[in-house]
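See below for the structure under consideration.
The values are calculated or read from the model by the stated rules, or taken from the named source; none is laboratory data. None of these values were measured; they are calculated from a predicted model. Here Cβ is always computed from backbone atoms with ideal geometry, including for glycine, and neighbour counts include all displayed protein chains. The area values use the complete protein model at the heavy-atom level, side chains included, leaving out ligands, DNA and RNA. Shrake-Rupley method; radii C 1.70, N 1.55, O 1.52, S 1.80 Å.
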Amino acid sequence: MARLRSFQRLAAHFVDIADFLLVYIEEAHPSDGWVSSDAAYQIPKHQCLQDRLRAAQLMQEGAPGCPLAVDTMDNASSAAYGAFFERLYIIQEEVVMYQGGRGPEGYKISELRSWLDQYKTRLQSPSTVVIHV
C-alpha cells in the first residue's frame, strides 16, 4: 500500500502532463497461496472475474482518483507487459518510452519521477524552429 500511495502522489504531481492508469492483475500473494507476512489484505486467489473485481476495489480505495483497469482472467495484460507482480511503464503514442524493472525489487518510483521531470522540462523549454525560405 505504501507503493500505491507513492504512485498516487506521483500521479497528482504530474497530472498536468500525463494520464495515469493502474491495472490490477492477479494477486501476487493470495491468502490461500504464497502468503506475504506484510500483506495489507487477505485476498484469496481469484477464481473468477468477480473475485478479481472485488480485490481491485480495495486497490482503488488506496488510490482514489486514479483510473483503474482490471486484467482478464487469462492475464493478458500481465503477459503482454511482463507485469507480474508490479511494473511501471510510460507509453507515449503507442510506444513504450520507459519500462521499469519487475517488482518488487525493480519497482522504482524515483526512476519514473526522473523520466517525468525530464519530460516536463523538455515541454517547458522553448524550442527553436528554423524555417528555410
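Some points to look at:
- Listed peptides 60-68, 18-26 by packing density, highest first (mean Cβ within 10 Å): 18-26, 60-68
- Using alpha-carbon coordinates, inclination of helix 109-124 to the longest axis of the chain, degrees: 30 degrees
- Counting only protein chain heavy atoms and rolling a 1.4 Å probe, the accessible areas of HIS46, HIS13, HIS29 rank, largest first, as HIS13, HIS29, HIS46.
- Paramagnetic label zone (point 7 Å from Cα along Cα-to-C-beta, ALA18; backbone N under 20 Å) in segment 56-77: 60, 62-70
- Take ARG102: with every protein chain present and a 1.4 Å probe, its accessible area is about 130 Å².
- Heavy-atom accessible area, probed at 1.4 angstrom with all protein chains present, ranks VAL15, VAL70 as VAL15, VAL70, highest first.
- Where only DSSP H runs of four or more residues are counted, the chain gives -11000 deg cm²/dmol as its mean residue ellipticity at 222 nm, each run worth -39500 (n - 2.57).
- On Cα atoms only, tilt of 49-62 relative to the major axis of the chain in degrees: 60 degrees
- Carbon and sulfur %, accessible surface of segment 69-133 computed with the full protein complex present, 1.4 Å: 53 percent
- 5 Å binning of all Cα-Cα separations within the chain, expressed as whole percents from 0 upward: 2, 9, 17, 21, 20, 12, 7, 4, 3, 2, 2, 1, 1, 0, 0
- Taking all protein chains together, LYS108, LYS45, LYS120 sort by accessible area into LYS45, LYS108, LYS120, largest first [probe 1.4 Å].
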